[in-house]
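For reference, the structure is listed below as structure tokens.
The values are calculated or read from the model by the stated rules, or taken from the named source; none is laboratory data. From a predicted model like this one, the values you see are computed outputs, not experimental measurements. Here the Cβ positions follow ideal geometry from the backbone for every residue, glycine too, while neighbour counts run over all protein chains shown.
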Amino acid sequence: MRRIHVGLMVLWAALASGAGLFADAIPAGWTLSPSGVGGLSAAAANIVPTEGSYFGFIDTTGTSDTSFTGVIGAVSGSVLLSPTFVVGAGQTLRVDLNFLTNDGEEFQDFALVQLLSAGTGLPVATLYTANTGGAGAQAVPASGGPGPVSAGAALSPASAVFDGNFTGLVGGIPYGPTTWLGAPGGATGWVTSSFAPGSGTYQLRFVVSDVSDVGVPSALAMDNLRVGDNLIGSLEPAPAAEAPEPAAGLLVLGGLGLLRAARGKTRRPGPTR
């Protein structure tokens, strides 16, 4: 178990516990693991949406089991499923992804994005992998767990490292500019994964996980999911419910006043002496 400044751990825990104050809820149609942590974020320092005004994210402050990934030492984190979508013959699926961290070195937090068959729930392809690796090491695609992307999946740029810049707040948590041991942290920048799976109905599964311990957070951001030129799985907040028109409120109050007046007129007079 690493030793880390207690003040930083308390700060990260406090910020994570208040994540709902900083993020909008995952939109309808998306499924966040029951003990996962994620939401929507507007632009923040060193990270802006690639489509619309918000991007989605999940982070390792969640406590969902991630051992199903097969990554050695995977402890817990957050898992997010997209809505189902249809891909036609010859169409290409694209998604923009950005990995953020304060962790690193031997504690290789990781991110994994898989395409699933909507019919079976089984993986069809691995579209993106990342981990926190060693100081200055390649973060995308991962060197070590969770391994390479599938044949046919293309990343643009082809690889990425952490930029060493302060990033956030995302979900209430600041990332970078360094990791807990002083290597570059922050964000990898947006990487676009492209894949042509053939015709069918699919879902995307996004995973971000701690390895070995849960002391220091990492996050996976996603945006601009599209098949061909068509967006899928909007990552924008639902429109706010409209307040009642003032005139409608006045009508209700007026109606209550008339009702009270009518009741007063029909009340029986009291007995006389």
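Just a few scattered comments:
- Yes/no for G62 being surrounded by 24 or more Cβ atoms within 10 Å (Cβ to Cβ), at negative phi, outside any strand (DSSP E or B) and modelled with pLDDT of 95 or more: yes
- When residues of segment 88-142 are limited to those that are in contact with a strand residue (DSSP E or B) (Cβ under 7 Å, 6 or more places away or on another chain) and among the acidic types (D, E), the one farthest from V227 (Cα to Cα): D103
- Selection from segment 98-120 of residues that are in contact (Cβ under 8 Å) with a residue 24 or more places away in the chain and either assigned to a loop (DSSP other than H, G, I, E, B) or surrounded by fewer than 18 Cβ atoms within 10 Å (Cβ to Cβ) (or both): N102, D103, E105, E106, Q108, D109, S117, A118, G119
- For segment 162-188, the candidate set comprises residues that are of a type outside the set (S, T, Y), assigned to a loop (DSSP other than H, G, I, E, B) and out of contact with any Pro (no Cβ under 8 Å at 6 or more places or on another chain); within that set, the residue that is surrounded by the fewest Cβ atoms within 10 Å (Cβ to Cβ) is G182.
- Hits in segment 121-132 - residues which are among the aliphatic types (A, V, I, L, M), surrounded by fewer than 23 Cβ atoms within 10 Å (Cβ to Cβ) and within 19 Å of D96 (Cβ to Cβ): A125
- Residues of segment 121-136 satisfying the condition of being assigned to a loop (DSSP other than H, G, I, E, B) and β-branched (V, I, T): T132
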